[in-house]
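Undergrad: Please find one structure pasted underneath; my questions will follow.
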Amino acid sequence: MLPVRLTLKGIYSYRDADEHVVDFEKLTQDHLFGIFGAVGSGKSTILEAITFALYGDIERMNNRENRSYNMMNMRSNSMLIDFQFKAGIEQLLYRFTVKSKRSTKNFQLVPTPERQAYQWKNNDWEPLESADASKVIGISYENFKRTVIIPQGKFQEFIQLGPAERTKMMKELFNLDKFDYAQTTREKIYKVKAQLTYLEGELTGLGSISEEELQEKENQLTVLSAEKEKIELEKKQKELVLKELVELKQRLEELTLRGKELSLLVDQQSTIVQKEKDLLHFERTKERYLAIVEEQTRLQHELNNLNDQLKINQQKQEIHKQELSQLTAREAVLKQTLDNKDQQLKKAAELVAIAQLKELRTNEQVLQERISKGEALIHNKQQEVEGLKDKKDSLLANRSKLNERKPNHELLANLTDWFGKHLQLSADLSNINSQLAQRKAERAYLTETFAQKLAVHKLEFPLEIEPFKTSLQNEIKKLDTHKTSVLSQQLEVKSFEKLAEFAQNLLEGDNCPLCGSTHHPNLYASHHSTEALASMDTDLKTIDNQIKSLNALIIETNGYQQGTEHIISQENEIALVVDEKEKAVTLHKQSFNYDNFSPDRPEQINEMRASIKDWELQRDQIDKEQTLLDQQFNLANEDLKKYENGVIKLKNDLAESKGAINTLVSNLDVLNESDFESKTAEELKNESRFLIDRLNDAQQELDALIKRSEVKSREINQFAGAIENISGQITSIKVLLVEKQESFSGLLKSDNLSEDEVLKTLLKNIDIASFRIEISEFKKNIAVAEERVKNIEQSIAQKTYNEMLYLQLETELGTLSDLLNHTSAQFAELKVSIENGKKALARISQLVKDKQQLEDRKSQLDILDRLFKANGFERFISVVYLRNLCFAANERFMKFSRNQLSLELNEETESFIIRDNLNNGQVRSVKTLSGGQTFQAALSLALALADNIQQFNQGNQNFFFLDEGFGSLDKDSLHHVFETLKSLRKENRIVGLISHVDDMQQEIATYLQVKNTEEYGSIISASWEE
């Protein structure tokens, strides 16, 4: 997270008259900045405002302390926090705001501030669904206080956290949940078990099969194969002979068929010749007369149609005139019927009223009967309610008696707790004793292992370790002395060897480089052999191996000594715990003070529970009976109210009915009610409807008749015009027909033909194209038939067909086919059996191999399951992170302490310890550090933690804010801290400090100065504004 801008108003010592703005982009440009001011000036408020905007929480107070009221400035009526920052790998811009207003009626009433969150998108602030900054930054409130903005008094919290809290923090910061493989491992184990079950089932299903059985079947297959080939060869030879006979038979049959076809074509030849003559005559006649005949036929057809239309129109005109006369007569009858319409409508209405009177009088009697029955039901239901009330009172008395025997649940709970704790203490004691026995067994195993290693070196087990180690070291010193002696001898021998080599190379007359002489009468010669040097090399290697072996034995001895001491220390600690547990068991037994109960009889709890269960069953039975009575009582009351309301409604309906009767009687004018006593209400209504329907039908019919008369008159006029038009067309067509007949007669006369001859020829309507195709096809077919007969006769010359031989071959081939099919089936069945057997053997081999692999995998997964159980792997990874954290923190902490102190991790307790290099590298608790040393260690860890978080989140910068903490440092330590903080600029890190220490302000160029004035409250000024 990188802060960009903070706006404050009306919070703590900052008043709401003006907005107080912190421009972090300018403030952080040097990567190291400070916020300075006197105690109480409002420095820490800047950090609290950022924390509250992001998380809605602060370190100073919580909601129970009326935080909303206490955070707001006493001289202000509103509060504002507006914080902008960048976060994430892409450094997106976010904005978190806090707004609150004081009640105008009650000064001490300040509602919970409203928090909102936004993201800068598309040149605007878009609201986020949640104002929880942990979803944006990826750090919870508690860890934000430990790693980013560290408030007063919290700087050293990380180094002092307990193992559980520190592990929880590491899990969140570094997403260690991804190392929780327990569930995944269990799922894999379940999957492997399922696969093993499936494989075992498949192996069982495959049964047993041997290589010998497969070999026997393959031998049988070879015999069948030879037999099958023999049958196939014989069958093939006979098929060839049969094929020749079949082909000859087919050619003879074809010759007979083709001869018949040729005879048929010869018979048809005279008919085809006649068709050619008819076709020629038809074509000449059609060309000369068809157009004239078709025109005469068209005109005659048109004339016949017009005559038919004229006749139809004349008939329709006469029919319409008759219908018009009938309509006029019906109109007169209907007008006479409708003359007294109003009087008849009045009669129909009063008939309906008399029918309603009859229905109301009948309904009045029904209502009176229902009222009598309802009052009887009310009386019976009232008696039922009284009886249920008596039963409820009796049940209430039984409940009171049962409550007097109410069991003591608190006593049962206390006894259960006591016996449960007693059982747990006993189990704890047993477990601790098991641990003690395990440690002793481990020590015995360590001793036995060490003794075996000593036996390899042919050494006895020492009574005391330190003298034994001293003897080994003395032995090493002797070997070193001996090695030095051998090396000296070897050096001397090699020097003489070099001198001899030099002497042998001198020539007479050359100057000796040692003495300058040119005369060399007695040259030096070496008396040492190569074997001597080789022996020395062998001695040196032997000595080195002995020293190496002794050093390894010393390491083994140290390991045995440290391991034994460690186990003995654990045994002593466990023994103390055993004493504590035994005392705890004794004290717990002494705390048993329950009358009528024994600490040695835990079964009494079950007896008491059974008694309580019996009491609860009785109580539940009473509850069920009471619930049932309450339901019955409520239902009876509801029924009583329903009956009473029903009777009241019936009486009201009766009164309304009497009023309606009086109204209807007073409205009668034309008819008397007494005249219709013999008729029912339905008959009167039907009579009324009949009168009304008759009048309505007459009126509708009259209206329709008038319209139809008008339509008929128009249609009669239309028919008259059509008749006149058709008569004119008939006259014109008759003139054209006469002209066409004269032209036709002239042609007939010139061709010396009669009209009948021409018409008969044209009526044949020969399809010229079809005739031509038929004639052509016939000529082609007869030529083809003649050629085929000739070819077949040539192909079968000198050949004879033997029917008996043909039938004999067919019979023999059938027998051979059946035999071949049977043999082939046996062959195929045996071959499939062999293939399936081979597949089964291969499958069984593969399944056994797969089963072994799955069993190996299950064994490995079981090991992983034990490793990952109870988040063990997550704790291991957390320890690795903490170990790396210590290593990174020591780069700075050892500089601060001048290499006197270093941080380490106690991996058993997962807590930090100090390695004191001034005291032989002994370790001690971080709680033994002075205030200044603790600050140095905490700062080193905090910077290392920030480095790791930056690397984990792939950020290009990180932000670290520290509130106070420098007052405990001397000037020299403060100088080292400042040098460290200044060096962070090169690491692309932004560090902010808040302090009232004057020396610090002189070291930091970019800062904010906060002052708290009586007139204006807290005021912020920036160094770049001075």
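Undergrad: Can you name the residue in segment 670-696 that is surrounded by 11 or more Cβ atoms within 10 Å (Cβ to Cβ) and acidic (Asp, Glu) and, of all such residues, is nearest to LEU334 (Cα to Cα)?
TA: If we take residues in segment 670-696 being surrounded by 11 or more Cβ atoms within 10 Å (Cβ to Cβ) and acidic (Asp, Glu), then ASP693 is nearest to LEU334 (Cα to Cα).
Undergrad: With closer than 28 Å to HIS301 by Cα, of a type outside the set (Lys, Arg) and modelled with pLDDT of 80 or more as the only criterion, which of LEU705, LEU736, LEU691 stands out?
TA: LEU736
Undergrad: Can you tell me which residue is farthest from ILE648 (Cα to Cα) among those in segment 390-405 that are out of contact with any helix residue (DSSP H, G or I) (no Cβ under 7 Å at 6 or more places or on another chain) and either of a type outside the set (Ser, Thr, Tyr) or modelled with pLDDT under 80 (or both)?
TA: Selected residue: GLU404.
Undergrad: Which number in (1) within 23 Å of ASN219 (Cβ to Cβ); (2) surrounded by 12 or more Cβ atoms within 10 Å (Cβ to Cβ) marks the one condition that GLU835 misses?
TA: Failing condition for GLU835: (2).
Undergrad: Do the conditions hold for LEU80, that is, is it surrounded by fewer than 17 Cβ atoms within 10 Å (Cβ to Cβ) and assigned by TED's automatic domain parsing to the domain that holds ASN1012?
TA: No; evaluated as a whole, the condition is false for this residue.
Undergrad: Could you check how many residues of segment 801-819 are without any contact (Cβ under 8 Å) to a residue 60 or more places away in the chain and within 20 Å of GLU253 (Cα to Cα)?
TA: Of the residues in that region, 3 qualify.
Undergrad: Checking the structure you have, find out if any residue of segment 974-992 is touching a Lys or Arg at 6+ places or on another chain (Cβ under 8 Å), of a type in the set (S, T, N, Q) and at pLDDT 75 or above.
TA: no
Undergrad: Also: Could you please tell me which pairs satisfy a Cβ distance under 9 Å, a separation of 6+ or placement on different chains, a first residue in segment 984-1013 that is on the phi > 0 side of the Ramachandran plot, and a second residue that is modelled with pLDDT of 75 or more?
TA: ASN988/HIS31
Undergrad: Quick check, is GLU331 surrounded by 13 or more Cβ atoms within 10 Å (Cβ to Cβ), modelled with pLDDT under 85 and closer than 30 Å to ASN662 by Cβ?
TA: Answer is no for this residue.
Undergrad: Among all residue pairs at least 6 apart or on different chains, which show Cβ distances below 7 Å where the first residue, located in segment 113-133, is in the same structural domain as ILE50 (by TED's automatic domain parsing) and within 19 Å of SER68 (Cα to Cα) and the second is surrounded by 10 or more Cβ atoms within 10 Å (Cβ to Cβ) and of a type in the set (D, E, K, R)?
TA: PRO113/LYS99; GLU114/LYS99; ALA131/ARG115
Undergrad: If only one of LEU901, LEU905 is within 16 Å of LEU939 (Cα to Cα) and not aromatic (Phe, Trp, Tyr), which one is it?
TA: Result of the check over LEU901, LEU905: LEU901.
Undergrad: Something else: Is it the case that segment 196-208 has a residue that's closer than 30 Å to SER925 by Cβ and without any contact (Cβ under 8 Å) to a residue 24 or more places away in the chain?
TA: Within segment 196-208, not a single residue is closer than 30 Å to SER925 by Cβ and without any contact (Cβ under 8 Å) to a residue 24 or more places away in the chain.
Undergrad: What about GLN699, is it in the same structural domain as ILE312 (by TED's automatic domain parsing), free of Cβ contacts under 8 Å to residues at least 40 places away in the same chain, more than 60 Å from the chain's Cα centre (by Cα) and surrounded by 11 or more Cβ atoms within 10 Å (Cβ to Cβ)?
TA: Considered against the rule, which asks whether it is in the same structural domain as ILE312 (by TED's automatic domain parsing), free of Cβ contacts under 8 Å to residues at least 40 places away in the same chain, more than 60 Å from the chain's Cα centre (by Cα) and surrounded by 11 or more Cβ atoms within 10 Å (Cβ to Cβ), GLN699 comes out as no.
Undergrad: In segment 109-132, what count of residues is obtained for those that are assigned to a loop (DSSP other than H, G, I, E, B) and either closer than 18 Å to PHE85 by Cβ or under 28 Å from the mean Cα position of the chain (by Cα) (or both)?
TA: The total comes to 5.
Undergrad: Out of (1) outside the structural domain of GLU287 (by TED's automatic domain parsing); (2) part of a loop (DSSP other than H, G, I, E, B), the odd one out for SER770 is which?
TA: (2)
Undergrad: I've got another one for you. Does segment 902-915 include one or more residues that are hydroxyl-bearing (Ser, Thr, Tyr) and at pLDDT 80 or above?
TA: Yes, some residue in segment 902-915 is hydroxyl-bearing (Ser, Thr, Tyr) and at pLDDT 80 or above.
Undergrad: Ok, one more. Take the residues in segment 838-867 that are closer than 30 Å to VAL223 by Cα and surrounded by 11 or more Cβ atoms within 10 Å (Cβ to Cβ); name whichever of them is nearest to the chain's Cα centre (by Cα).
TA: ARG843
Undergrad: Among the numbered criteria (1) without any contact (Cβ under 8 Å) to a residue 12 or more places away in the chain; (2) exposed (fewer than 15 other Cβ atoms within 10 Å of the Cβ), which one does ALA17 miss?
TA: Looking at each condition in turn, ALA17 falls short on (1).
Undergrad: Looking at LEU262, is it hydrophobic (A, V, I, L, M, F, W, C), exposed (fewer than 15 other Cβ atoms within 10 Å of the Cβ) and part of a helix (DSSP H, G or I)?
TA: When the stated conditions are applied, LEU262 does not pass them.
Undergrad: If you don't mind, there's one more thing I want to ask. Just to verify a result, which residue in segment 1007-1021, among those that are modelled with pLDDT of 90 or more and either surrounded by fewer than 16 Cβ atoms within 10 Å (Cβ to Cβ) or among the basic types (Lys, Arg) (or both), is nearest to the chain's Cα centre (by Cα)?
TA: Taking the candidates together, the pick is SER1021.
The values are calculated or read from the model by the stated rules, or taken from the named source; none is laboratory data. Since the model is a prediction, treat every value here as computed from it, not as a measurement. Neighbour counts run over all protein chains shown; Cβ positions are idealised from the backbone, glycine included.
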